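Here the structure comes first, spelled out in structure tokens, and everything after it is commentary.
Each reported figure results from applying straightforward, stated rules to the coordinates on display, with no laboratory input. Owing to the predicted nature of the structure, the values given are computational and were not obtained by experimental measurement. Here the Cβ is made from the backbone with ideal geometry for all residues, glycine too, and neighbour counts use every protein chain on show.
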Amino acid sequence: MKRTGLLLSILLASAATATAGRQAPLAAPQQALHDVYKQLIEFNTNPTNGTTAAAQAMAKRFRDAGFPDADIFVGGPRPEKFNVVVRYHGSGGAAGPKPLLLLAHLDVVEALKADWSPDLDPFVFTERDGYYYGRGTADDKAMAAIFVANLIRLKREGFTPARDIVVALTADEEGGGSNGAAWLVNQHRDLVDAAFVLNEGGGGSLRGGKPFWNAVQATEKVSTNFTLTTKNRGGHSSLPRPDNAIYQLAAGLAKLSQFNFPVQLNDVTRAFFAKTAAIETPETGSAMRAIVANPADAAASARLSKDPRYNSMLRTTCVATMLSGGHATNALPQTAAATINCRMLPNVAPADVRDGIVRALADPGIEVSPAPAMAASSPSPLLPELFGPVEAITKELFGDIPVIPIMGTGATDSRSFRRLGIPSYGVSGLFGDPEDNRTHGRDERMLIKSLDDGQEFLYRLTRALSK
């Protein structure tokens, strides 16, 4: 009896050990999302490989779920960079309200296995320690997979929206090219025209592992580059002179590093600082309230500008990112050049930014490249019909935390829609630790719980906005 009891104990312990490392069975919606997510991550959709295989695989999932071919579009201007657009018809028909567009991109930035941890492959979906690992797990295949899984779920549930729901999964967002959202807008406006757009760019922030605030991106900065160039007659390096192309450029860059564009608030950044003041330290919160009351408040601006995140919300920023000069080790340089990357506030003219750079340099000998022609992209209005449901669902799922409008300092596909006057919002319900942001970097990952919560958040929001 003792030997039998001992053997039984060993077997039970072994079974318990095996079970401890295994995730509990997923609910049907979460399992469907898991399968789509895994499939998307394991497509290497970097700029060289393209997105066509992934787009076709998602189209097949929709066909298998009963979506007719007439409601599925797969295409693009380049055979390796296809997009997929799927329409779920509402009861309103052509005379009904404009559609809700759910937008995400399929392409990812390049990732090399040699740059990741030895036991991780960026294009092998890996589940470990409460995270999903892989390139695109955060940017932006989480939202792409959620939109696919949720739309199929709505169809299987027999949900009838009042407005059409359109899912658009695009190519070329990371490369800033014209093969994705911009191409759809220009060549197939009828497929993606909408009352408003839900896209990446927002999301929740964790503090101490708990939801702290939920951000909705309602506008974003516009990126452009200027080239600064100095010229010189050069000569032999054994006969140096005060006039030197590299020194002249360096002196100009030193001036530019001390230059700040003026503070300019819009409806989104004004709301951002007003709401964030309540959850910041007393000193920073006071500065935020002061800058909202008076954007010319120098003391408040100086206080907030110490934090690069807040500084980027206050003004247009320009920074040197690349440098070149000279042609031989034993010759005085005849040319030196620097690339200046500017993140311009919405509706700021590139020509005005160029004028600011010229004033900061204060040297007519430094040539500044011409300002590019760029379409304006106004902030999206803070619509109650969008923010009301977002706030209600945030409270239901994550507790009494604030929903805060933000201005994105990067670039997303929303810009193609805002230029047409279509309100676009970065909102996901995906929460992460801001101190562990691995987007575009080594060992990109997504919290498993965050993915599941984001799926439920966007499921409820899609239903609410399409009624």
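Run the helix sum for the chain: -39,500 (n - 2.57) per DSSP H stretch of 4+ residues, divided by residue count, reported at 222 nm to the nearest 500 deg cm²/dmol. Don't jump to the answer; show the numbers that get you there.
Values: 15 runs with 175 residues, N = 467.
So the helix-based figure for the chain works out to -11500 deg cm²/dmol.
Say a paramagnetic label sat at a point 7 Å from the Cα of Arg241, along Cα to Cβ; which residues of the range 310-338 have their backbone N under 18 Å from it?
326-328, 330-336, by backbone N distance to the label point.
For the range 335-341, what does the Karplus curve 6.51 cos²θ - 1.76 cosθ + 1.60, with θ = phi - 60°, yield as ³J(HN,Hα) per residue in whole Hz, taken in order and with x for Gly and Pro?
Each residue of the range 335-341 in turn: 9, 9, 9, 9, 9, 10, 8 Hz.
If you place +1 on the Cβ of every Lys and Arg and -1 on the Cβ of every Asp and Glu, how big does the dipole about the Cα centre of the chain come out, in debye to the nearest 20?
Details: 48 positive and 47 negative charges, 45 e Å.
With only Lys, Arg, Asp and Glu charged at Cβ, the dipole is about 220 debye.
Could you tell me how far the Cα centroid of the range 165-182 sits from the Cα centroid of the range 252-304, in Å?
One Cα centre to the other: 33 Å.
Could you please rank Met322, Met143, Met313, placing first whichever residue has the fewest other Cβ atoms within 10 Å of its Cβ?
Details: Met322 11, Met143 28, Met313 23.
Going from least to most buried by this count: Met322, Met313, Met143.
For the range 363-415, state what percent of all Cα-Cα pairs lands in each successive 10 Å bin, counting from 0 Å until the bin that includes the largest distance.
16, 30, 25, 13, 10, 6, 0
With just the Cα atoms defining each centre, how far is the range 339-403 from the range 49-83? Give it in Å.
The two parts, judged by their Cα centres, are 32 Å apart.
On C-alpha positions alone, give me the angle between the axis of helix 384-398 and the longest principal axis of the chain, in degrees, nearest 10.
60 degrees
Using Cβ counts within 10 Å as a stand-in for footprinting exposure, how do Thr321, Thr51 rank, fewest first? Mind showing how you got there, number by number?
On the way: Thr321 10, Thr51 30.
Final ranking by Cβ density, sparse to dense: Thr321, Thr51.
Between Ile41, Pro25, His440, whose Cα lies farthest towards the positive end of the dipole of the chain when Lys and Arg beta carbons carry +1 and Asp and Glu beta carbons carry -1, centred on the Cα centre?
Sorting the options by dipole projection puts first Pro25.
Read phi for every residue in the range 200-209 and hand back ³J(HN,Hα) as whole Hz from Karplus 6.51 cos²θ - 1.76 cosθ + 1.60, θ = phi - 60°, with x for Gly and Pro.
Each residue of the range 200-209 in turn: 6, x, x, x, x, 10, 9, 10, x, x Hz.
Once you charge only the Cβ atoms, +1 for Lys and Arg and -1 for Asp and Glu, what is the size of the charge dipole of the range 222-368 about its Cα centre, to the nearest 20 debye? Kindly include the intermediate steps, with their values, before the conclusion.
Working: 14 positive and 10 negative charges, 18 e Å.
Its charge dipole is roughly 80 debye.
What residues from the range 211-232 fall in the zone where the backbone N is under 19 Å from a label point 7 Å along the Cα-to-C-beta line of Ala254?
Backbone N within reach: 228-231.
To check you understand DSSP bridge types, tell me what percent of the beta bridges within the chain (both residues inside) are antiparallel, rounded to 5.
70 percent
Whole-Hz Karplus ³J(HN,Hα) for the range 415-429, in order, using 6.51 cos²θ - 1.76 cosθ + 1.60 and θ = phi - 60°, x for Gly and Pro?
Coupling constants for the range 415-429: 4, 5, 8, 5, 5, 8, x, 8, x, 9, 9, x, 8, 9, x Hz.
Please arrange Lys306, Lys221, Lys155 by how many other C-beta atoms lie within 10 Å of their C-beta, fewest to most.
Values: Lys306 10, Lys221 22, Lys155 15.
The fewest-first ordering by Cβ neighbours comes to Lys306, Lys155, Lys221.
So what does log10 I(q)/I(0) come out to for the range 222-368 at q = 0.10, 0.12, 0.18 Å⁻¹, using the Debye formula with one equal point on every Cα and no solvent?
Debye intensities relative to I(0), on a log10 scale: -0.46, -0.60, -0.98.
Note the angle between two axes, namely the Cα long axis of helix 245-257 and the longest principal axis of the Cα atoms of the chain, as a number of degrees from 0 to 90, rounded to the nearest 10.
Once rounded, one gets 60 degrees.
If one takes the longest principal axis of the Cα atoms in the chain, at what angle in degrees, from 0 to 90 and to the nearest 10, does the Cα axis of helix 141-157 lie?
Around 40 degrees separate the two axes.
What is the dipole size for the range 302-389, taken about its Cα centre, with +1 at each Lys and Arg Cβ and -1 at each Asp and Glu Cβ, in debye to the nearest 20?
Details: 7 positive and 6 negative charges, 58 e Å.
That gives the range 302-389 a dipole magnitude of about 280 debye.
Taking Lys98 as the anchor, which lysines have their alpha carbon closer than 17 Å to its alpha carbon, excluding any fewer than eight residues away along the same chain?
Partners found: Lys467.
Given just the C-alpha atoms of the range 185-309, how large is their convex hull per residue in cubic angstrom?
Details: hull volume 30.0 nm³, N = 125.
Dividing the Cα hull volume of the range 185-309 by its residue count gives 240 Å³.
Run the reach check for Lys38 against lysines, Cα to Cα strictly under 19 Å, same-chain hits fewer than 8 apart removed. What comes back?
Hits, sequence-local ones excluded: Lys60, Lys113, Lys141, Lys449.
Report the per residue volume, in Å³, of the convex hull enclosing the C-alpha atoms of the chain. Before the final figure, lay out each step's value.
On the way: hull volume 98.6 nm³, N = 467.
Dividing the Cα hull volume of the chain by its residues yields 211 Å³.
Return a whole-number percent for the relative contact order of the chain, with Cα pairs under 8 Å and 6 or more residues apart as the contact set. Spell out each step's value before the answer.
Details: 886 pairs, mean separation 101.4, N = 467.
Taking the mean separation of contacting Cα pairs over the length of the chain, I get 22 percent.
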